[in-house]
Amino acid sequence: MSLKDKVVIITGGTSGIGRVSAERFLKEGTKVMIAGTGEEKSRAVAEELGTINENVSYVKVDVSNYKSVENMIEKTLEAFGTIDILFNNAGITINKPFLEQTEEDYLKVIGVNQHGVFNGIHIFGKKLIELNKKGTIINTASIAARITGPTMMGYATSKAAVEMLTKSAAMDLAPYGIRVVGVGPGVINTPMISELKAQALDYLKNMHARKEILEPEQIADVVVFLAKEEASGINGQVVFVDDGYINFK
Ligand SMILES: NC(=O)c1ccc[n+]([C@@H]2O[C@H](COP(=O)([O-])OP(=O)(O)OC[C@H]3O[C@@H](n4cnc5c(N)ncnc54)[C@H](O)[C@@H]3O)[C@@H](O)[C@H]2O)c1
């Protein structure tokens, strides 16, 4: 089954992995809803991508807010008439030593990364069932679902939860023909790592087998594959795209 004329919603679709995935899906002929935190930026990205393929729309969303995610799905239905794939990709990190992390920092990261993924699965899954449709949900986890380090408490906790949400939801939604999978990136060249100091980046590079950080295209290609019928045997599973990083524990 091809992805042509399917509809994908991409949260965090305005930058990094989300944006490159939008380009990849458009090349497959998929209709893409760019879901970003800012109306202006989402529209600008949608317009840029629209020059590649006009099957692109945008919506403002805060994935940590249930009603906002409901609105994102309603707006997608208004724009394209149906839904098929959700790429639950939005994420943030607040890197501070454990004792300097405030409760607010912790809850913010959990709110976007963990609760945001729950919201997406819950609302999108229920809507697919209501529409009597099959579909696929792809969650962005991280190597931090399996390994952690100083300053990573909130982020790693949230990503471990994304892996377990993926496994759990897959079991509950399988009877309805809905597949729930995840992608687990290593360290990727996106705005998320732009604040890292050179020394930290060197250390992280060296944790990959080929001593390089990865490019967002390498994640996007796997995301597109996971959305395809050819990946129908992969369910409840986070596929790590990390050049072996998690093996270097
Ligand atoms: N870059 C890496 O090294 C790396 C590694 C592993 C996992 N990841 C994960 O990949 C995903 C994409 O990150 P990226 O690397 O492309 O970085 P990025 O910062 O370019 O993308 C993150 C996107 O999430 C959006 N976002 C943040 N809060 C949001 C909210 N409340 N509602 C909706 N959107 C929100 C941002 O606006 C941004 O577009 C994230 O889940 C991140 O945790 C990244």
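The values are calculated or read from the model by the stated rules, or taken from the named source; none is laboratory data. None of these values were measured; they are calculated from a predicted model. Quick reminder, even Gly has a Cβ in these numbers, built from the backbone with ideal geometry, and neighbours come from all protein chains shown. Each accessible area value is taken on the protein alone, full model and side chains, heavy atoms only, with ligands, DNA and RNA left out. Shrake-Rupley method; radii C 1.70, N 1.55, O 1.52, S 1.80 Å.
Residues of region 234-249 with the amide nitrogen closer than 11 Å to a label point 7 Å from the Cα of Ile193, along Cα-to-Cβ, please.
The answer is 242-243.
Would you kindly give the portion of the calculated P(r) for region 175-237 that falls above 17 Å, as a percent of all Cα pairs?
Tail of the P(r) past 17 Å holds 52 percent of the pairs.
At 222 nm, what helix-only mean residue ellipticity would the chain give, in deg cm²/dmol to the nearest 500, using -39500 (n - 2.57) for each DSSP H run of four or more?
It lands at -13000 deg cm²/dmol.
So how much accessible area does His115 have, in Å² to the nearest 10, using a 1.4 Å probe?
Rounded to the nearest 10, that gives 90 Å².
If you average 1/r across every pair of different Cα atoms in region 7-239 and take the reciprocal, what Kirkwood value do you get, in Å?
17.7 Å
What are the extents of the Cα atoms of region 1-143 along their three principal axes, in Å, largest first?
49, 33, 27
Tabulate in residue order the Karplus-calculated ³J(HN,Hα) for region 216-225, using 6.51 cos²θ - 1.76 cosθ + 1.60 with θ = phi - 60°, rounded to whole Hz; enter x for Gly and Pro.
Those phi angles translate into x, 4, 5, 7, 4, 4, 6, 4, 4, 4 Hz.
For a quick protection proxy, order the peptides 225-232, 87-94, 6-13 by their average other-Cβ count within 10 Å, most packed first.
My ranking of the peptides, most packed first, is 6-13, 87-94, 225-232.
Between Ala174 and Ser2, take the C-beta separation as r, use R0 = 22 Å, and let me know the FRET efficiency to the nearest 0.05.
For Ala174 and Ser2, the calculated efficiency is 0.45.
Quick one: pull the percent of accessible area on the chain belonging to carbon and sulfur, 1.4 Å probe, ligands and nucleic acids left out.
Its accessible area is 52 percent carbon and sulfur atoms.
Along the Cα→Cβ direction, 7 angstrom out, place labels at Glu47 and Ile234. What is the inter-label distance in nm?
Each label point is offset 7 Å from its Cα along the Cβ direction, giving 3.5 nm.
Along the Cα-to-C-beta direction of Asn132, a point sits 7 Å from the Cα; which residues of region 169-191 have their amide N less than 18 Å from that point?
The answer is 175-178, whose backbone nitrogens lie closer than 18 Å to the label point.
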